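Engineer: So that we are looking at the same thing, I have put the structure below in structure tokens.
The values are calculated or read from the model by the stated rules, or taken from the named source; none is laboratory data. All figures in this text were calculated on a predicted structure; none of them were measured in a lab. Cβ placement follows ideal geometry from the backbone for every residue including glycine, while neighbour counts extend to all protein chains displayed.
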Amino acid sequence: MPRKKTKALVRDIAPDRLYNSVPVARLINRVMLNGKKQLAERLVYGGMQKAADRLKVENPLDVFEQAMKNIRPHVETRSRRVGGANYQIPFEVHGQRQNHLTTMWFVAACRSRKGISMEDRIAAELADAYNSQGSAVKKREDVHKMAEANRAFAHFART
């Protein structure tokens, strides 16, 4: 019997204190560990400022938005069983899933950098993503390549 489709509960997130931006607040919540929100805010704001200074950009929010735009995926593959075989079927990514993947990949890329403080990791990853480099952008490119390689199975998505 097929699974019952449930409507996802979408919670409203309050904008952050400094930039009044919901995406920045999402990043702060994702960076936060053990409920230490002030520490997460300090790390994210400091990283954004360092990245803006490094790139010689006036507004750190512009750096953040461009970096997230460069990480944002447009297609992904999902596994689907068709006639006894599993196929990776490409699907477009929309809305909240796009934002979620962007934030998750960015934080994972920051945490994978070793040997420097989290604030410096965030700054370095923001600067790299702003310039369309870095491991978060590489992750997006890998996902896009996987979807492109499996484009032949796209017709299974419509069945």
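Engineer: Identify all residues within the range 110-136 that are in contact with a Lys or Arg (Cβ under 7 Å, 6 or more places away or on another chain) and either free of Cβ contacts under 8 Å to residues at least 12 places away in the same chain or of a type in the set (A, V, I, L, M, F, W, C) (or both); write none if there are none.
Structural biologist: Cys110, Ala123, Ala124, Ala127, listed by residue number.
Engineer: Ok, one more. Any chance the range 40-51 includes a residue that's more than 19 Å from Tyr130 (Cα to Cα) and either crowded, with 22+ Cβ neighbours inside 10 Å or in contact with a Pro (Cβ under 6 Å, 6 or more places away or on another chain) (or both)?
Structural biologist: Scanning the range 40-51 turns up no residue that is more than 19 Å from Tyr130 (Cα to Cα) and either crowded, with 22+ Cβ neighbours inside 10 Å or in contact with a Pro (Cβ under 6 Å, 6 or more places away or on another chain) (or both).
For every residue, the table says whether it meets (1) among the polar types (S, T, N, Q); (2) at pLDDT below 90.
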residue: Lys37; (1), (2): no, no
residue: Val44; (1), (2): no, no
residue: Gly47; (1), (2): no, no
residue: Met68; (1), (2): no, no
residue: Ser79; (1), (2): yes, yes
residue: Val82; (1), (2): no, yes
residue: Tyr87; (1), (2): no, yes
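Engineer: When you scan the range 77-94, do you find a residue that is within 18 Å of Arg26 (Cβ to Cβ), surrounded by fewer than 17 Cβ atoms within 10 Å (Cβ to Cβ) and not hydrophobic (A, V, I, L, M, F, W, C), even just one?
Structural biologist: yes
Engineer: Residues Glu119, Glu125: which one is in contact with a Cys (Cβ under 7 Å, 6 or more places away or on another chain) and among the acidic types (Asp, Glu)?
Structural biologist: Step by step, each of Glu119, Glu125 is checked, and only Glu125 is in contact with a Cys (Cβ under 7 Å, 6 or more places away or on another chain) and among the acidic types (Asp, Glu).
Engineer: Counting only residues that are buried (at least 19 other Cβ atoms within 10 Å of the Cβ), over 19 Å from Leu39 (Cα atoms) and of a type outside the set (Asp, Glu), how many does the range 110-131 have?
Structural biologist: 3
Condition check ((1) free of Cβ contacts under 8 Å to residues at least 40 places away in the same chain; (2) touching a Gly at 6+ places or on another chain (Cβ under 9 Å)) across all residues:
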{"residue": "Lys37", "(1), (2)": "yes, no"}
{"residue": "Asn59", "(1), (2)": "yes, no"}
{"residue": "Ala67", "(1), (2)": "no, yes"}
{"residue": "Thr77", "(1), (2)": "no, no"}
{"residue": "Gly83", "(1), (2)": "yes, no"}
{"residue": "Ile89", "(1), (2)": "no, no"}
{"residue": "Gly95", "(1), (2)": "yes, no"}
{"residue": "Thr103", "(1), (2)": "no, no"}
